[in-house]
Amino acid sequence: MLVARALRPTTRRLRALSYLASIDQGTSSSRVILYDAETLEPVASHQVELQSATSTPEPGWSQMDPAAILKSVDQAAAGALDKANASAKDVVGVGITNQRESTVCWDSRSGDALYDCILWHDARTRDVSQSVQDKLGGIDALRGVTGLPISTYFSGVKLKWLLDEVPSIRNALEQGSLRFGTVDTWLMHHLTGNHITDFTNASRTLMMDLASGEWDAGCIDALGLPPSMITALPEIRGCAETLGVIDKGPLQGCAITGVLGDQMAATVGQRCFAVGDAKITYGTGAFLLTNAGDSPVPSKHGLLSTALYDFGGKKTYALEGAVACCAVGLNWFRDSLGMVATAPELSDLASSVESTEGAYFVSAFSGLLAPRWRDDARAALVGLTLAHDRRHVARAVLEGVALQCNDVIAAMAEDTANEAATLYVDGGVAQSDVLLQMQADCAGIEVARPSDVETTALGAAVAAGLGSGVFGSLEAVPIDTGGTTRFAPSISSEARAAKLESWRAAVEATYGWADRV
């Protein structure tokens with residue numbers, strides 16, 4: 001299904017417009033946004049939904065047709081150019097941002113995928129993850145090199161499962177034609193013929209040395225992958241440089257000049273260029289990142305040390321905490337339970353009562369990520385009485401997102417010894433005022449939402465602008481001139497403490513359920 005998105009009017013000047021094109025390939029859709037290369041104002045956008053390309057063949061599995069990803073990007077690019085009455089020759093740089101960790105394997109001779117793209121939140125690799133942990137002595141055995149725990153979340157564990165379970169992938173490796181990549185690499189291969197990735201996406205594989213930005217043979221071996229796997233891995237490049245020229249499709253002839261994983265792109269789109277700047281993106285999952293500076297910062301509280309960007313050879317790092325289910329949980333309430341017809345209706349329903357009356361919803365459909373890292377957890381709705389109805393459940397679903405995010409906020413404050421004065425937010429779910437007020441109340445800090453919440457695509461455009469030379473430095477990147485909506489805490493510290501204590505009990509009630517199924 002093709003979805004058009006209305007954009008706020010852009011001031012037209014008596015000059016020929018040139019564009020930065022942002023390819024935003026996500027879990028549920030692909031879209032292309034054209035930005036005015038001078039002002040970074042959005043000019044045209046086209047989005048293609050991908051729900052029909054996603055399947056769940058077994059409980060906990062989630063995969064997507066790689067060919068549908070490619071087709072959707074071409075459709076989105078053609079639609080955006082048409083709406084802007086523009087052509088590829090008007091585009092001065094293309095940026096890619098993508099769902100991270102999602103894993104594709106293909107044969108270099110045919111260019112065809114050898115299996116569906118295993119999505120980032122897929123939980124089929126739980127046994128592989130546990131086996132690697134047992135072999136290496138624990139979940140944190142690779143943290144010192146990669147900054148990451150051993151988890152179903154990361155691409156290297158998915159690659160191990162694919163190699164073990166899919167004969168065509170093993171055969172391709174033996175014949176030297178196997179190619180592995182995250183979605184950015186899959187797109188790059190088909191758009192330009194180049195087999196490359198960027199610093200941010202490579203940092204999510206469990207196979208990259210975070211400090212050096214290079215593949216690590218020891219990590220590859222630790223995951224149980226053969227030494228020959230290095231031949232299947234893409235070259236790691238910076239995030240803002242000429243990475244290839246598109247040789248087919250609506251953007252043929254345009255240079256790809258920027259690549260960032262989606263959450264890094266959102267952080268760049270929020271202009272979090274100073275150490276300590278932090279943002280949450282509420283999308284399919286929810287992701288909190290804070291700029292950690294020019295060297296990796298180890299976490300002692302369950303967060304990830306990860307790449308933020310590499311602009312002009314200068315590497316910058318982040319601390320990150322991820323919540324697996326944000327829009328996923330909201331969509332479950334809407335689609336699987338049929339409680340509401342649209343997402344905005346859920347917020348309206350939640351706002352019709354003042355509290356959940358003691359009900360808590362933990363959306364651990366595929367386990368819990370930061371800061372607990374419990375693959376064995378499963379979703380739960382607790383504290384129900386006969387007095388509860390769908391209004392209270394709707395409020396508990398939204399509040400559960402805010403409470404899971406608050407666990408990450410608290411862990412980040414302990415790791416950095418610094419509590420952010422303001423938390424910047426973005427993503428489609430950030431349109432909910434009810435959720436953002438809950439977030440401010442749970443965290444006890446101000447929450448700020450920009451006028452344009454689509455900062456992931458914007459961050460890719462910033463990278464493309466830097467890589468193409470449109471912007472000579474970070475200081476030259478145009479600032480957001482739109483309005484900001486702010487949400488201040490409205491509950492007492494005593495009420496907050498009581499809520500967080502009940503939340504902890506609800507979360508602990510979800511542990512171990514994966515082993516009982």
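The values are calculated or read from the model by the stated rules, or taken from the named source; none is laboratory data. Model, not experiment: these values are computed from the prediction. As a convention, Cβ positions derive from the backbone with ideal geometry for all residues, glycine included, and neighbour counts pool all protein chains shown. Surface areas here come from the heavy atoms of the whole protein model, side chains and all, with no ligands, DNA or RNA. Shrake-Rupley method; radii C 1.70, N 1.55, O 1.52, S 1.80 Å.
Remarks
- Residue match in the range 84-107 (condition: without any contact (Cβ under 8 Å) to a residue 24 or more places away in the chain, part of a loop (DSSP other than H, G, I, E, B) and open to solvent by 20 Å² or more (accessible area, probe 1.4 Å)): yes
- Applying the criterion of being open to solvent by less than 40 Å² (accessible area, probe 1.4 Å) and in contact (Cβ under 8 Å) with a residue 60 or more places away in the chain to the residues of the range 55-69, the residue that is nearest to Arg378 (Cα to Cα) is Gly60.
- Flag if Gly213 is more than 26 Å from Leu50 (Cβ to Cβ), small (Gly, Ala, Ser) and touching a Phe, Trp or Tyr at 6+ places or on another chain (Cβ under 6 Å): yes
- Filtering Ser72, Ser129, Ser151, Ser52 for residues that are part of a helix (DSSP H, G or I), open to solvent by less than 50 Å² (accessible area, probe 1.4 Å), small (Gly, Ala, Ser) and closer than 23 Å to Thr456 by Cβ leaves a single hit, Ser72.
- When we screen Gly258, Gly249, Gly244 for residues that are buried (at least 24 other Cβ atoms within 10 Å of the Cβ) and of a type in the set (Gly, Ala, Ser), the only hit is Gly258.
- The lone criterion from (1) open to solvent by less than 10 Å² (accessible area, probe 1.4 Å); (2) in a loop (DSSP other than H, G, I, E, B); (3) of a type in the set (Asp, Glu) left unmet by Glu354 is number (1).
- Within the range 53-97, being β-branched (Val, Ile, Thr) and at pLDDT 95 or above holds for Ile69, Val73, Val91, Val92, Val94, Ile96, Thr97.
- Close pairs from the range 346-360: first closer than 20 Å to Val382 by Cβ, partner among the acidic types (Asp, Glu) and part of a loop (DSSP other than H, G, I, E, B), Cβ under 9 Å, at least 6 apart: Val353/Asp389
- Checking Leu159, Leu206 one by one, the residue that is open to solvent by less than 10 Å² (accessible area, probe 1.4 Å), part of a loop (DSSP other than H, G, I, E, B), over 27 Å from Phe471 (Cα atoms) and not small (Gly, Ala, Ser) is Leu206 and no other.
- Where strands (runs of 3 or more DSSP E) sit wholly within the range 400-517, those with at least 2 residues that are open to solvent by less than 50 Å² (accessible area, probe 1.4 Å) occupy 422-426, 446-450.
- The one condition in (1) out of contact with any helix residue (DSSP H, G or I) (no Cβ under 8 Å at 6 or more places or on another chain); (2) under 23 Å from Thr316 (Cα atoms) that Pro167 fails to fulfil: (2)
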